[in-house]
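Read through the structure below, which is laid out as structure tokens, and then see the notes.
What follows draws every value from the coordinates through simple rules; no lab data is involved. Because the structure is predicted, anything quoted here is derived from the model rather than measured. Here Cβ is always computed from backbone atoms with ideal geometry, including for glycine, and neighbour counts include all displayed protein chains.
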């Protein structure tokens, strides 16, 4: 069996990711010190603990090695044999898969305290047939619909539900609740924020798992202790709940899967109807590291009802579906999942690469390289690699990524308090043939105008908005980003910002906007026509169908704009008390330079960075981008230096 088509090239070098979760992070964004710029404490959380607590463990004891040759080198289903080895594996040990191909017709289930490890993503290839989930970590989902809030599954919070609190007091008991249980903390929607399931697409009744769109804000926590009615929680409370909005603790599971991981293998999809390649369901302290997800039938990764999950040093590329629907060929953070870490990965040629929805909170997406997302039905539109598409994500951090854009669309409701720090939002991407949802060879040249004779690749030139925030996206923080690129300026003129106002039109093509603020309500689109304000179900003034709240509540500090070559301080509508401080910290979640950076400059992006390889000089190539250009999996810089940053044949460095 040939599995070489569209895989990453070159030798894969495995090195465990360094997660600095256990280290104390100076509170550079919660208090002023030495004139370092600090965001208001109400708008941030402690992101230093995101991901597997203490880092991904380096397990060395091998319980069993399964040989591909024992299962016909990919001709005989090996699912049952792999699951049998995993279920009997002692805690803290590893089940190894040899080099070669393994046919997987069912679902591989990794239990607690066990690692499933291949012999490298170019050596161990799991050929996925059948339907359903490919590799599953965790089997526990919260009760669905009104069952979730029934007296047998939920109990009211009586106190302790304030921002930063690491314990809450229950007004009753939950059967079997103990240290290690997973709980979903929630309250009814607060219209003053606003927290709402209503948006440009109508009402998202499914955005709180069958409760009718009434509890969109929340977070998943692990119970760390139980003392009477007081329970310790991790992560701490992201926000302060309103006692008048029926705050609840809803039991997810008393026996979650924990400390389980998948490493050093490739999942190869065959368009058989898989729902996801990797799925975390009610898991904590779990991970995937150094894997390749080679095409997807639907999603590459789903993270549901989970906390402290790490996805690192991996390569997710291509899909058989490039249209909107029940999946978006993505890594999906869903259902209030909290304190998870998506770090140092490559996402290429998906529909949307990382999607946040259903109240996910306090997660970190950092130092990832995104390239080539597209929609097969709108082949010149700039698809967003980082997107929000379901109420109410909050307090998530995006740091150090290289991506074409972020889009908080407000189609299925609200979001708030997202932070974007030291990212490069390029504003376009190269779309390559084929676009017909097949596993055909990708062509990156010749580059020209879409539809022209012989053209195989073209730059996205519609809806070019590097940072786009819809009308229900509020209190966002932008600091130290680089917005736009020379490639974008070569395509069209670039305006620094457009803010919704009655009668203001936003161009769909021909003009790029560094920041697009407040558009996208029902009936408005790009025209700026004011409609549906205060209609039944929609939040009232000032959050109507389109408005200026995305701008007036936004902070922009130290972002460099390609529109006019300037660095902007205090450019947003919200004037915070520390706006005169113009020194940015290196990171908002790391205490120092991470090992996977090797000799690469750190920080790599920002107005204070010089000597970079983009036109402005403010951007150095991040490790995931450099390793991808070398034809290697991410994390190669930790053990070797790339010979150059010149892209091999068929590979482009985005924005260059």
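Points to keep in mind about this one:
- Along its first, second and third principal axes, ordered by size, segment 361-468 spans 46, 27, 25 Å in Cα coordinates.
- Per-residue [θ]222 nm for the chain (sum of -39500 (n - 2.57) over DSSP H runs n ≥ 4, rounded to 500): -1000 deg cm²/dmol
- Shape category assigned to segment 134-174 from the gyration tensor of Cα positions, a/c cut at 1.5: oblate
- If both residues of a DSSP beta bridge must be in segment 145-254, then about 100% of such bridges are antiparallel.
- With N counted as the residues of segment 226-353, its alpha-carbon radius of gyration over 2.2 N^0.38 Å works out to 1.21.
- Cα-based values for the chain, radius of gyration first and Dmax second, are 23.4, 73 Å.
- Global form of segment 565-643, assessed from the alpha-carbon gyration tensor, a/c cut-off 1.5: prolate
- Protection proxy ranking for 384-394, 585-595, 77-87, using the average of other Cβ atoms within 10 Å per residue and placing the highest first: 384-394, 585-595, 77-87.
- For segment 282-337, the Cα gyration tensor yields ellipsoid semi-axes of 20, 15, 6 Å (square root of five times each eigenvalue, largest first, whole Å).
- Projected over all directions and averaged, the alpha-carbon convex hull of segment 57-124 occupies 4.2 nm².
- Counting all C-alpha pairs of segment 81-230, share separated by more than 29 Å (%): 43 percent
- In the chain, the DSSP beta bridges split such that about 25 percent are antiparallel, to the nearest 5.
- Multiplying each eigenvalue of the alpha-carbon gyration tensor of segment 145-254 by 5 and taking the square root yields semi-axes of 24, 15, 11 Å, largest first, rounded to whole angstroms.
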